[in-house]
1. Dipole of chain B (Lys/Arg Cβ +1, Asp/Glu Cβ -1, origin at the Cα centre): which of B:Phe35, B:Leu86, B:Leu21 lies farthest to the positive side?
2. If you take the Cα atoms of chain B, find Rg, then find the Kirkwood Rh from the mean of 1/r over all pairs, what is Rg/Rh?
3. Could you grab the Rg to Rh ratio for the protein assembly as shown? Cα atoms only, Kirkwood for Rh.
4. Quick one: length gained pulling A:Ser118 to A:Ser11 fully straight, 0.36 nm per residue minus the C-alpha distance?
5. In cubic angstrom, how much convex hull volume per residue do the alpha carbon atoms of the stretch A:110-150 span?
Amino acid sequence: MEVVLFYIAASVALAATVQVISRTNATHALIYLIVSLLAIAVIFYLLGAPFAAALEVVIYAGAIMVLFVFVVMMLNLGESAVARERGWLNARMWIGPTILIFILLLELLYVLVGTPGSTSGVAVSPKAVGEALFGGYILAVELASILLLAALVGAYHLGRRYMGSRREEIG
Amino acid sequence: MFTAVGIPLEHVFILAGLLFLIGFTGVLVRRNVIFLLMSLEIMMNACGLAFVAAGARWAEADGQIMYMLVLSLAAAEVAVGLGLVLQLERRYRHLDIDAASELSG
């Protein structure tokens, strides 16, 4: 019976994600993206990964989406941006790549259906995750912290206001 | 702890593949940088879903740890990407990725 919950959440995630890439208004797309992330958090919980589900809600749907909303509000995309987006979304230019991708997708589905398996239904507790994370994966934690530091420095550098005018002086 | 016993693993992988495909299609068809970043987020999230599903198959914590690494990668990517969005807006007054094609010569 609980397996039905997985299919419902999967349908919600797929429908919301299709809406994300087909909206012309960035704010509406963001709302659909948050719905998609929450649906995937439900799937994580059903798969027995409660810690991953919490992280999905807190970091993805919380922190990262708030960053997106901040930038959309700062840039204040108006009606002209929506009209321009609509102009780019004509079907003629992407019908070819879509057909080719669907061929690859059919191959992938054929391979996946041919190798059946089942999830264990055993929940992996946050304690087990933490012990493994700060045990065998300690080097990966350090690498992730270096990556985040590099992203911090990069975002600070890119966000400076006078960068454009300085480039013009040099060039 | 409430978990659904016996979700078919291949169905979770099919869902992850479909989500990745939708994100990839978004990268191909959209020209607005914000939508490109959102599509990249969708693709990385699909990868994370595949990792968690594989971890749930053998009831090991490794899948969730890889998901957390993907999560930190996504956070780093979105911070730098949104900085680039701000620079693009300041220089070209709009968010068309094709405007920033100076490197192609």
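1. Most positive-ward Cα: B:Leu86.
2. When Rh is taken as the Kirkwood radius, the ratio is 1.12.
3. Result for the protein assembly as shown is an Rg/Rh of 1.00.
4. 36.6 nm
5. 135 Å³
Any read-out appearing in this document is the output of simple, stated calculations on the displayed coordinates, not a laboratory observation. These numbers were taken from a predicted model, which means no experiment stands behind them. Glycine gets a Cβ as well: all are built from the backbone with ideal geometry, and neighbour counts include every protein chain shown.
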